[in-house]
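What follows is a set of notes on a single structure, which appears directly below.
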Amino acid sequence: AYTFWHRPAGLPLRLIVGPVALAESTAPGAPPGTVLEACRGRLVITADQGAVLLKTVQPAGKRIVSIAEFLRGYRVQPGEKFGPE
């Protein structure tokens with residue numbers, strides 16, 4: 001599966017998504033694809049019913065990385081969007 005991270009500055013970044021886990025949704029009513037948490041090696045994104053915790057991603061043209069590695073290289077912030085291009 002893949003998605004796009006809609007960065008505030010620049011073009012959307014295509015990400016191949018690895019394993020995910022269900023997560024507690026702390027923002028009921030937030031639209032799907034909204035970043036809820038992006039710190040301490042955790043990336044939680046709202047889904048249609050609840051939220052998912054991403055474990056690995058592969059940015060376009062790069063290798064598969066853990067979410068902790070991804071967050072060290074990219075500044076994802078709560079409230080940003082993931083979803084279709």
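The values are calculated or read from the model by the stated rules, or taken from the named source; none is laboratory data. Predicted model only: the values in this text are computed from it and were never measured. Glycine gets a Cβ as well: all are built from the backbone with ideal geometry, and neighbour counts include every protein chain shown. These accessible areas exclude ligands, DNA and RNA; they are computed on the full protein's heavy atoms, side chains included. Shrake-Rupley method; radii C 1.70, N 1.55, O 1.52, S 1.80 Å.
Just to be sure, is residue 62 surrounded by 15 or more Cβ atoms within 10 Å (Cβ to Cβ), modelled with pLDDT of 95 or more and of a type in the set (Lys, Arg)?
In short, no.
Taking the criterion of being at pLDDT 95 or above, at positive phi and open to solvent by less than 30 Å² (accessible area, probe 1.4 Å), would at least one residue in the range 28-48 satisfy it?
The answer is yes, given that some residue of the range 28-48 is at pLDDT 95 or above, at positive phi and open to solvent by less than 30 Å² (accessible area, probe 1.4 Å).
Tell me yes or no: at least one residue of the range 5-19 is assigned to a strand (DSSP E or B), β-branched (Val, Ile, Thr), more than 11 Å from the chain's Cα centre (by Cα) and crowded, with 16+ Cβ neighbours inside 10 Å.
Within the range 5-19, not a single residue is assigned to a strand (DSSP E or B), β-branched (Val, Ile, Thr), more than 11 Å from the chain's Cα centre (by Cα) and crowded, with 16+ Cβ neighbours inside 10 Å.
Going through the range 27-40 one residue at a time, which ones are in a loop (DSSP other than H, G, I, E, B) and either closer than 19 Å to residue 83 by Cβ or in contact with a Lys or Arg (Cβ under 9 Å, 6 or more places away or on another chain) (or both)?
Scanning the range 27-40 gives 27, 28, 29, 30, 31, 32, 33.
Which residues, counting only those in the range 28-85, are acidic (Asp, Glu) and farther than 19 Å from residue 18 by Cβ? Give the derivation first.
Here is the first cut: in the range 28-85, the ones acidic (Asp, Glu) are 37, 48, 69, 80, 85.
Of everything in the range 28-85, those that are acidic (Asp, Glu) and farther than 19 Å from residue 18 by Cβ turn out to be 48, 80, 85.
For residues in the range 65-79 being without any contact (Cβ under 8 Å) to a residue 40 or more places away in the chain and not in a helix (DSSP H, G or I), which is surrounded by the most Cβ atoms within 10 Å (Cβ to Cβ)?
65
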